[in-house]
């Protein structure tokens with residue numbers, strides 16, 4: 001029973017970008033003007049990003065109603081119809097059995113979109129800090145680690161190392177400096193991933209509670225949160241959370257009257273993808289260039305400022321309070337034999353319903369894409385799903401029944417990764433995707449290892465040539481050779497995994513490479529040098545829209561007469577195709593262009 | 001400004017790992033990192049100027065020339081890439097006459113390419129002065145850049 005009637009607006013970065021603030025203001029204005037007994041509150045990411053801005057009405061009788069795609073006018077309709085007259089606005093309602101939500105299981109995201117992330121009271125009202133209290137008053141550090149081991153939790157940053165074992169290493173390590181550090185890696189750099197941002201924005205206290213429990217278990221009294229500077233809202237909410245914790249003696253000396261003391265710092269990243277690698281991240285905290293160093297010694301032995309350090313990802317820490325509350329054994333009931341619990345994914349790309357989802361391990365990719373995501377935009381043909389960002393790979397349609405667990409995904413050549421899941425359809429060129437990721441890696445390589453620095457550059461040059469129609473038969477063999485060398489000759493994960501997007505696309509989409517090289521054809525009609533735009537004279541109405549948007553005046557013609565596109569000046573930007581309302585522009589690819 | 005900078009140096013003197021926060025706060029103050037400021041940071045932190053410059057050039061966030069009045073970040077994350085971020089670059093170049101990484105001659109706009117803004121469900125997106133514009137097409141972006149379209153019109157599908 002929810003005693004207080006509320007109207008909650010999803011106010012994470014993407015909600016705000018979709019217009020949630022305007023909706024929030026409109027609701028506040030209308031509710032107060034009408035004197036209705038509802039409080040309008042801001043909450044974190046509700047998760048159904050495809051239907052942002054989202055508004056949830058929580059009635060005093062405990063019933064909840066979710067509205068999607070709300071704008072100012074719809075907000076007014078909700079206030080008048082639902083809040084005042086008491087009849088939910090059926091047209092705007094997201095049904096309770098919405099398939100997007102039905103197959104999800106929320107552990108990490110349990111509070112996201114439910115509580116006000118800037119209110120510690122609400123976090124506490126939802127079992128917040130119960131786990132910390134239990135740990136500090138009832139459990140020994142070893143017992144805490146035992147529970148984490150029992151849960152089977154593995155690193156959610158993507159590599160999947162056992163969290164319990166990692167904590168044991170840090171606990172057992174002798175510190176020569178007298179210090180041990182606990183670090184949270186919130187440098188979420190994979191393009192196409194926003195899970196950690198949503199957790200930090202939606203439920204910052206859960207991550208902080210997890211870090212405190214870890215600190216107690218490994219024997220640390222100081223911690224760092226390393227957050228991307230691109231996430232200003234996450235940083236702001238963490239700062240608020242830390243202040244609230246200090247006020248309640250959940251941070252500082254003698255926490256909750258026990259002998260456990262802990263201080264926490266927030267470090268803003270400065271824009272370097274490689275700092276997601278743990279040794280580079282620690283170098284960055286120390287104020288150096290973020291360049292990885294050789295391991296061993298591992299951070300657990302010698303990490304930040306030469307002290308033993310435990311470093312985990314945001315989602316890993318966010319799982320910990322739930323594990324302690326329900327017990328490791330109970331937590332391990334969800335998932336597969338070797339991958340326990342749930343995983344949060346950022347579902348994006350050519351998908352009908354994208355957003356933040358949390359699913360039990362062991363669900364299939366097909367279920368995620370078709371049942372939760374609703375299938376492909378425009379009902380086009382599903383081609384592949386990219387997982388794990390630049391370190392991952394593309395899982396093709398024929399393997400869509402693979403189960404989401406660390407080992408099954410690794411077997412496909414992709415990886416679990418931190419949770420970015422970008423869906424691709426027949427209009428996505430896989431050679432272009434490989435080139436895209438390599439271009440990313442090439443510009444983010446720190447330059448320390450020769451093969452990562454120069455090998456990826458040579459690979460990028462080859463891929464660029466192929467997409468420009470200058471590819472040669474021998475290119476594929478050279479790509480494969482370089483890929484193998486970059487993998488074995490790089491010091492850190494960035495270089496070791498850099499060839500993955502190339503290798504997986506070569507493995508599953510070799511025919512697309514061949515098509516580009518032999519037939520100078522891009523079937524997805526994406527590679528600019530291999531396509532041409534033409535006006536279908538029979539369909540063109542002469543509306544002049546294409547001529548108006550064309551940046552080079554290649555599209556031209558007289559009013560009410562079929563237009564044409566001058567191939568010499570056309571830059572294949574596609575703006576005419578996008579603008580044409582009569583489908584009178586055709587893209588073709590193949591020899592003879 | 002100079003006074004604020006000196007106060008900043010004083011605040012962070014002797015703090016462990018102070019180099020990057022000092023560079024960040026200095027950039028907040030001046031909009032970029034003037035050479036003289038890096039010399040001062042070197043003096044206060046006991047590092048060489050080369051070390052400070054080495055750190056500053058390593059991270060994408062730091063810049064050594066003043067920014068335009070407005071900063072536009074065109075997102076090139078994976079989701080934005082597959083949804084056509086490249087054609088947004090064309091529009092920006094056409095409208096403003098500069099390639100990403102540059103500032104317009106009148107000092108109005110600085111255009112940057114960024115790896116991912118984390119608003120993948122709204123792809124393709126552009127951030128202008130901290131505000132995200134999502135679900136863009138070339139046409140919509142053109143209007144936004146021209147200042148014709150207001151935020152409300154731009155974020156609709």
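Helix-only estimate, please: 222 nm mean residue ellipticity of chain A, summing -39500 (n - 2.57) across DSSP H runs of length 4 or more and dividing by its residues, to the nearest 500.
-10500 deg cm²/dmol
Using only atoms on other chains, find how many Cβ atoms lie within 10 Å of each Cβ of peptide B:82-95 and report the average.
Partner-chain Cβ atoms within 10 Å, mean over residues of B:82-95: 5.
Please give the average number of partner chain Cβ atoms lying within 10 Å of the Cβ of each residue in A:32-44, rounded to a whole number. It would help to have the intermediate numbers written out before the result.
On the way: counts 0, 0, 0, 0, 0, 0, 0, 0, 0, 0, 0, 0, 0.
Mean partner-chain Cβ count within 10 Å for A:32-44: 0.
Order the peptides A:531-539, A:189-197 from the highest to the lowest mean number of other Cβ atoms within 10 Å of their residues.
Ranking, from highest mean packing down: A:189-197, A:531-539.
What's the average, rounded to a whole number, of partner chain beta-carbon atoms within 10 Å of each residue's beta-carbon in A:14-20?
6
Which of the peptides A:213-220, A:288-295, A:368-375 is most tightly packed, and how do the rest follow, judged by the mean count of other Cβ atoms within 10 Å per residue?
Working: A:213-220: 24.6, A:288-295: 18.2, A:368-375: 20.1.
Top to bottom by mean Cβ count within 10 Å: A:213-220, A:368-375, A:288-295.
If packing is taken as the mean number of other Cβ atoms within 10 Å per residue, what is the order of A:382-388, B:49-55, highest first?
A:382-388, B:49-55
None of the figures in this text is laboratory data; all of them are computed from the coordinates on show. Treat the numbers as computed from the prediction; the structure is a model and nothing was measured. Cβ sites come from the backbone with ideal geometry, for glycine too, and all protein chains shown count toward neighbours.
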